[in-house]
Amino acid sequence: MNKTAHIISHSHWDREWYLPFEKHRYYFIQLMNNLIEQFKKEGSGFQSFHLDGQTVLLEDYFAVHPENREIVKQLIKEKKLHIGPWYVLQDAFLTSSEANVRNLLIGMNDTKAYGHVSKIGYFPDTFGIYGQAPQLLKQAGIDTAAFGRGVKPTGFNNTVSDVPDYESPYSEMIWKSPDGSSVLGILFANWYSNGNEIPVDEEEAQAFWDKKLQDAEKYASTNQLLFMNGCDHQPLQKTIPQAIETASALYPDYQFKHSSFDEYTEALKQALPEQLQVIEGELRNQRTDGWSTLVNTASSRIYLKQMNHHCQTLLEKNAEPLAAMLALAGGTYPREYIRFMWKSLMKNHPHDSICGCSVDEVHREMVTRFESVAQMGEVFVEENAAALVQKVDTSQTPEGGIPLVVLNTTGWEKNEVVSKVVDLEKVYFSQMHFEEIPVYLEDQPLPKYKLIDGEGKAVDYQLESPAVEFGYDLPDDKFRQPFFAKRAKLSFFAEGIPSFGYKTFYLVPGAKEEQEYVPSSETQFVMENEYVHLQFHEDGSYDLMHKDTGESFHRLGIYEDTGDIGNEYMYKEAKGHAAITTKGVPAEFKFLERSTLRTVLEFTHKLLIPVSADDHLAMERNRLIWHKEREAGRSDDMTTITMQTVVTLEKGMKGPAFKLTINNQATDHRLRVLFPTGLRTETHKADSIFEIVTRPNTPEKEWENPSFCHHQQRFASLADTTMGLTVATDGLQEYEILEEDGTIAVTVLRSTAELGDWGYFPTPEAQCLGMQTAEWQVLPHEKDVIQSQAFVDAYQYKVPLVSVQTSVHEGSLPETHQFVKTESKGLVWSSLRVAEEHDDVMIRWFNPAEEEVNLKADIQDYESCKSNILEEKTDDTQDSYEVSKYEIITLGFHKKR
Ligand SMILES: [Zn+2]
């Protein structure tokens, strides 16, 4: 049999990792300059280079060498330099569903300017991949994926394991999503460096190839063998043509080819055996000993995950839908600015960045990037909301009234308490000398107010006492307008705010109808609304009753602290120390607020824990002892960490919301909050990428790591056939299911001081000392999270309504409106926006269940067609769409002709 050895030159480029971005970029510029020189050199024989699947590298290079844009373009067009399909090599589990789509959409659009894209789902180093990846790739016209992790037989140093019982006997397999979509999966069974630094010297080459050919053939299902000529930040091997000449002379039965993924996959597909193993769903290294899954990157530097969660929500769930609604009302859609925000955010999404597994400089730069994305998102939302509200007709506002428009940018109706600072009276500096305004405003009597909706119905509200404050307007046609305003925080229950729509409320002079409020006894620490009843115990744990069924969960909310002698990648519990918990540790309680709208309770714990790990750990770090082998314990010196928990239960909330503030004074430890559900189940559910995935509570038999943590996007959930408990979180992405009492354990803080991986890189800032916060909501429900539709509440957690105070004016839009009318019960809404490259309004949902769901969505004067994740239109136009099991569906809407 004639065999082909495909040698693909590449360099896996983590933009930032053990060095900060600019230091890595310095070496990247050298690599690119060498590469261009090599391609240009007459007779160099250098054929092909794979640019690591991420187009951002071109931006990194052109920022320094804009003069080389044309030559690079030419190399791509000639299919010598292979780029795309991603924008960055993101972490698949710690970035949102939409972020995963945008990474592909924006990356593939970037490649259009160069005329060629490498159509391979390239996940060389990704720390596990979500199960819906084949469906996403398929929708993007990509039918092959290559990955280095997730499937046995790869082990820690990315070497092949000799343990039998592989998930696939070959490095090639069929990888299938829950909806049934599948791609050809290629596992880098000998890692993406199995053809690195190929010798030119005959003797060395023989030793090299004797081993490497055998290693590759051990797993290859065909005569087409893949050799990845490169590794992490690998400089260019200019001598590849000479190395190929040597190899060809040594092994006449093999054809050695300086190849590309295009050429390799084409040859591979023709040679594939009829039967390949089918691998289903998530690739998470579940069939390994569990010591190298890198899953605890989900809790490394939690502050980064929280900032990312905030930015993603701001862009996906507020900014884009608002701009799309404005476009439907006749405005222009600022797609370039939105793309810029996304690209800025995605620069924080590479696996070594968002995973929190780099050196401290890297993560400090990320914080600044997140802050800029938040600034962009906030001003964007404010300006687009104001522009939209300017089109709403508020001319019917009662005399002396203040109109307030509450916008719901999500795909589900919302009923929630809105808090908004309202300017009750305002005097511009142009109207009076500024020094006189504060006194004037303070002396002005304010009328009594009542809040009404569009039908004149009174709405329950609270208005805090007003204060005079400075403010300013930035008009788009004249100089800034400073003013003083008498302002106060208004809170009210915004009921029935339609999905993709808004409702107008009016604060008008008149007598408020006082609602009677009877608080439960001060000493009992009870909280209650129409859905749940909470009874707190002295130690801060609580019994939570679901009022519909009368069923209760007991002793939820205990905090647990353990020692952590691992690193940024992996948690390893300190030896010989039992967990320290708040069980039985009395907390100090006080009510912060009690009204008809909300109850807020605060309790504080002072927990005594070891100040750090014991001295043994420093030696183990210095000597590069692998985390699994470490034996350090916790220090005998103790310190106190103060934990302040604020619980809020508002009208309309299906469960209480918690904010924990920790003054962390200890190092080398992990803090979790525990929810012992008492439910006996074998599996549980968690929010993942376009999937509410079912995972086993206990690991496979090969698993040796005592810790069995998992990733989540927005929630984890346990349920038996009657009751369930779902914990929704705000950027807390790690949880574990403990068999005892069916406990959901959510990590709220992890403190470690070392990067891990191939050397000793100290990372003192990963200890997360000082003030740290964590937020979550606890949602009890009947049945499971899908059957009960509790996922709607979980996905809505921390996705705010946008409220805008406006003036009395005429407008083209009515006082209450819904831009898109949908019947989509059972589906999970994901995005609403205008397409990247045409003017269709795009809406995306996914079906989280096995049952088909009927979807109806209407925009007045528009017609819809089914699209894909690349926003390409099809002829499939219907009045309603059958969304099959686990399908990700995108509809495009264009104006009827
Ligand atoms: Zn990497």
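The values are calculated or read from the model by the stated rules, or taken from the named source; none is laboratory data. Computed from a prediction, not measured in an experiment: that's the story for all the values here. So basically every Cβ, Gly included, is an ideal-geometry build from the backbone, and we count neighbours across all protein chains shown. Calculation scope for accessible area: heavy atoms of the full protein, side chains included, ligands and nucleic acids excluded. Shrake-Rupley method; radii C 1.70, N 1.55, O 1.52, S 1.80 Å.
On a per residue basis, the convex hull of the C-alpha atoms belonging to region 1-118 measures out at 147 Å³.
Treating r as the C-beta distance of Leu624 and Tyr27 and R0 as 22 Å, the FRET efficiency rounds to 0.40.
Share of carbon and sulfur in the accessible area of region 635-683 stands at 38%, probe radius 1.4 Å. The amide H of Val421, built 1.01 Å from its N in the peptide plane, has Leu490 as neighbours under 5 Å, considering only residues 5 or more places off or on other chains. In terms of the mean number of neighbouring beta-carbon atoms within 10 Å, the peptides 505-514, 465-474, 177-186 order highest first as 177-186, 505-514, 465-474.
Looking at Ser358, Pro586, Val508, which one has the Cα that reaches farthest to the positive end of the dipole of the chain (charges on Cβ: Lys, Arg +1; Asp, Glu -1)? Projecting each Cα onto the dipole axis, the largest value belongs to Val508. Averaged over its residues, the chain has an accessible area of 39 Å² per residue, based on protein heavy atoms and a 1.4 Å probe.
On region 86-225, 46 percent of the accessible area sits on carbon and sulfur atoms, based on a 1.4 Å probe.
For the chain, DSSP calls about 85 percent of its internal beta bridges antiparallel.
For the chain, the average shadow cast by the Cα convex hull is 40.3 nm², which is a quarter of the hull's surface. Kindly flag which residue pairs out of Lys112/Lys895; Lys606/Lys659; Lys583/Lys606; Lys450/Lys798 have an alpha-carbon separation exceeding 19 Å in this structure. From the list (Lys112/Lys895; Lys606/Lys659; Lys583/Lys606; Lys450/Lys798), the Cα-Cα distance tops 19 Å for Lys112/Lys895; Lys450/Lys798. Residues in region 222-231 carry Karplus couplings, in order, of 9, 8, 9, 9, 9, 10, 8, 8, x, 7 Hz; the curve used is 6.51 cos²θ - 1.76 cosθ + 1.60 with θ = phi - 60°, and Gly or Pro positions show x.
Restricting the calculation to Cα atoms, every distinct pair contributes to the Kirkwood radius of region 555-702, found to be 18.2 Å. Between the alpha-carbon centers of region 121-135 and region 166-182, tell me the distance in whole angstrom. The two parts, judged by their Cα centres, are 12 Å apart. Were the residues from Val439 through Glu274 laid out at 0.36 nm apart, the gain over their Cα-Cα distance would be 50.9 nm. Remark: region 120-132, residue by residue, has Karplus-estimated 3J(HN,Hα) of 9, x, 9, 10, x, 10, 3, 7, x, 10, 5, x, 8 Hz, where x stands for each Gly or Pro and the curve is 6.51 cos²θ - 1.76 cosθ + 1.60 at θ = phi - 60°. Of the residues Thr806, Pro273, Asn296, the one whose Cα sits farthest towards the positive end of the charge dipole of the chain is Thr806 (charges of +1 on Lys and Arg Cβ, -1 on Asp and Glu Cβ, taken about the Cα centre). Taking all protein chains as they are arranged and a probe of 1.4 Å, the heavy atoms of Thr126 leave approximately 10 Å² accessible to solvent. The alpha-carbon of Lys575 sits under 15 angstrom from the alpha-carbons of these aspartates and glutamates, leaving out residues fewer than 8 places away in its chain: Asp561, Asp564, Asp614, Asp615, Glu620, Glu629, Glu631, Asp636, Asp668.
For region 759-823, the list of GluC sites (Glu not before Pro) that fall in a loop by DSSP and count at most 12 other C-beta atoms within 10 angstrom reads Glu810.
Consider all pairwise Cα distances in region 550-600 and report the whole-number % of them above 13 Å. Tail of the P(r) past 13 Å holds 75 percent of the pairs. About the centre of its Cα atoms, region 675-805 shows a dipole size close to 380 debye [charges on the beta carbon of Lys, Arg (+1) and Asp, Glu (-1) only; nearest 20 debye]. In region 286-330, the portion of solvent-accessible area held by carbon and sulfur atoms comes to 59 percent [1.4 Å probe, whole percent, DNA, RNA and ligands not counted].
Each Lys and Arg adds +1 at its Cβ and each Asp and Glu adds -1 at its Cβ; summed about the Cα centre, region 256-348 shows a dipole of about 480 debye.
Among the lysines of region 452-567, pairs that are 8 or more positions apart or on different chains and have alpha carbons within less than 25 Å of each other number 9. In sequence order, region 260-272 has phi-based couplings of 9, 4, 4, 5, 5, 5, 5, 5, 4, 4, 6, 9, 4 Hz under the Karplus curve 6.51 cos²θ - 1.76 cosθ + 1.60, θ = phi - 60°, and Gly or Pro positions carry x. Just report the Cα centroid separation between region 603-652 and region 855-876, whole Å. If you average the Cα positions of each part, the centres end up 52 Å apart.
Relative to the current alpha-carbon distance between Glu203 and Ala467, full extension at 0.36 nm per residue lengthens the span by 86.6 nm.
For the pair region 519-598 / region 359-409, the C-alpha centres are spaced 34 Å from each other.
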